[in-house]
Amino acid sequence: MRPKNLDEFVGQKHVVGKGSLIYTAIEKDRIFSMILWGPPGCGKTTLARIIAGETSSYFVQFSAVLSGIKEIRSVIEDAKNQQRLYRKKTILFVDEIHRFNKAQQDAFLHHVESGLITLIGATTENPSFEVIAPLLSRCRVIVLKTFSQDDIHAIINRALKDKERGLGNLNLALSKDALAYLMQIADGDARTALNNLEIAASLLLTKKDISDKEEQQHITIKDLESALQKKSLVYDKSGEEHYNLISAFHKSLRGSDPDAALYWLERMLSSGEDPLFLARRMVRFASEDVGNADPHALEVALNAMEAFRFLGHPEGELALVQAAVYLATAPKSNSIYIASGKVKDIIKNTGTLPVPLHIRNAPTGLMKNLGYGKDYKYAHNFKDAFIQQEYLPEELQNQRYYFPTDRGYEKIIKQRVEQWLSLRSKMKNKGKK
């Protein structure tokens, strides 16, 4: 079901559209060394095979998983023979190039430099970390994106209609909800979409008599569930159910119920929700609903998001589960959230009040002459690194916005704040006498 040329290639127009770098390179048969970087099922291998079909160069496909230095040397010798005997360049496609170690990547370097080999590497990992710098500097990094829902829709439709390479001879169609489910579980991965479609079609072949190709057969959502052994939990990511579920998750975290939080988290993950959307929501929650009652909560949420980015599906989802349990069981405070709102309202109502002269920056003589920085007291020069002076604009002096709670670490913060307020008051009164 793979496309044979760029005209059949769906999506990635920023990479393969007319006038793009790769389109022009294929058109003129001037392929350059490149690293194709993108998520699984985004067309990296397909694009490399299209290049193979369009170029006059000798094309070799190579798996970093199955090959080592010995195989690399063999490819180099073949490339030399192609150049010497047929005056042909060699294009070497290395799938999963990130799996090669430094020594294996070094083996390519000289031959890429000399022009003997044009290297096309494919990777799901950031090439900045996985490809050695000298090799990376000699390749263009081409970033491919996850296919959009429209792209996946087009790919599925073509597979259903294509009589030569697809399922067109079977006269199959997908019901509306089955199509939505298939696109959802594919999550932008064309390979997953096509594999699942093929499995469902094969199962339908064994269950129903579809020898009469004049009568169109519909693959239903039940057919997909049966074929994939997975219950459909379809919901519209932009519709009411999306907002209901994320609301239930957030409120379960806020209500310190780890079991409910886990249930709603897994419901959304099972329904195909973007895990990074859920990770971002937990980062927001860590500041909004936990705050300084547990300052580590923000670190846990951020680490969970980074862990998912590093591990991907499905292993990375456990990091999100861990973070959800931590946040649900952490002490809660919305003091930071409330303080932020109060300050925003003050700024909206008072505008841009001037910075007090004594805390202004004074890098030039003119600024010093104008009184910038005059009488500023450097806190570290005083006992306990504390001294009374005004930091707010004159119109806002003595106002308070942040009121820490008695929960978690904020209890300690509250004691400090009250201590400083008391010291300020004493120093002010002493100054008046």
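Just so you know, all these numbers are worked out from the coordinates, no wet-lab data involved. Predicted model only: the values in this text are computed from it and were never measured. Because the Cβ atoms are built from the backbone with ideal geometry, glycine has one as well, and the counts that use them run over all protein chains shown.
Rounded to the nearest 500, the 222 nm mean residue ellipticity of the chain from helices alone is -16000 deg cm²/dmol, with -39,500 (n - 2.57) taken per DSSP H run of at least 4 residues. Charge tally around Cys42: other residues with Cβ under 15 Å, Lys/Arg +1 each, Asp/Glu -1 each, net -1.
Working note: Karplus 6.51/-1.76/1.60 with θ = phi - 60° gives the range 266-274 the couplings 5, 4, 6, 4, 5, 8, x, 5, 5 Hz, where Gly and Pro are set to x.
Extents of the range 358-405, taken as max minus min of Cα coordinates on every principal axis and listed largest first, are 45, 29, 13 Å.
Computed over the range 13-143, the alpha-carbon pair-distance distribution with 10 angstrom bins reads 13, 47, 34, 6, each value a whole percent. When the Cα atoms of the range 39-97 are aligned to their principal axes, the ranges along those axes come out at 38, 28, 10 Å in descending order. Other residues lying with their Cβ under 14 Å from the Cβ of Arg73 contribute a combined charge of -2, Lys and Arg counting +1, Asp and Glu -1. Checking the Cα-Cα distances for Lys348/Lys428; Lys383/Lys426; Lys342/Lys368; Lys18/Lys145 against a 22 Å cut-off, the pairs over it are Lys348/Lys428; Lys342/Lys368. Restricting the range 329-419 to chymotrypsin sites (Phe, Trp or Tyr not before Pro) that sit in a DSSP loop and have at most 12 other Cβ atoms within 10 Å of their own Cβ leaves Tyr378, Phe382, Tyr391.
Any chance you could tell me what percent of the C-alpha pair distances in the chain go past 30 Å? Each step should come with its number before you reach the end.
Details: 59583 of 93528 pairs.
In whole percent, the share of Cα-Cα pairs in the chain beyond 30 Å is 64.
Using alpha carbons only, the radius of gyration of the range 303-433 set against its Kirkwood radius gives Rg/Rh = 1.13. In the chain, a dipole from Cβ-located charges (positive for Lys and Arg, negative for Asp and Glu) runs towards its positive end, and of Leu204, Asn369, Ala328 it is Asn369 whose Cα lies farthest in that direction.
Paramagnetic label reach from Ser226 (point 7 Å along Cα→Cβ; backbone nitrogen cut-off under 13 Å): within the range 175-207, residues 200-207. In order along the range 370-377, phi translates into HN-Hα couplings of 7, x, 5, x, 5, 6, 5, 9 Hz, rounded to whole numbers, per the Karplus curve 6.51 cos²θ - 1.76 cosθ + 1.60 with θ = phi - 60° and x for Gly and Pro.
Helix 275-285 and the longest principal axis of the Cα set of the chain meet at an angle near 0°.
Checking every one of the trypsin sites (Lys or Arg not before Pro) in the range 353-420 against DSSP loop status and a limit of 16 other Cβ atoms within 10 Å picks out Arg360, Lys374, Lys377, Arg400.
Using only the Cα atoms of the range 240-329, build the gyration tensor, take square roots of its eigenvalues as a ≥ b ≥ c, and label the shape rounded, prolate or oblate: rounded if a/c is under 1.5, else prolate if a/b is larger than b/c, else oblate. Since a/c reaches 1.5 but b/c is at least a/b, the shape of the range 240-329 is classed as oblate.
Quickly rank 15-23, 303-311 as a protection proxy: mean count of other C-beta atoms within 10 Å, highest first.
Details: 15-23: 15.3, 303-311: 17.0.
Result, highest mean Cβ count within 10 Å first: 303-311, 15-23.
Fully extending the segment from Glu27 to Lys411, taken as 0.36 nm per residue of separation minus the present Cα-Cα distance, adds 131.4 nm. Around the amide H of Ile117, modelled in the peptide plane, lie the amide H atoms of Val112, all under 5 Å away and 5 or more residues distant in sequence or on another chain.
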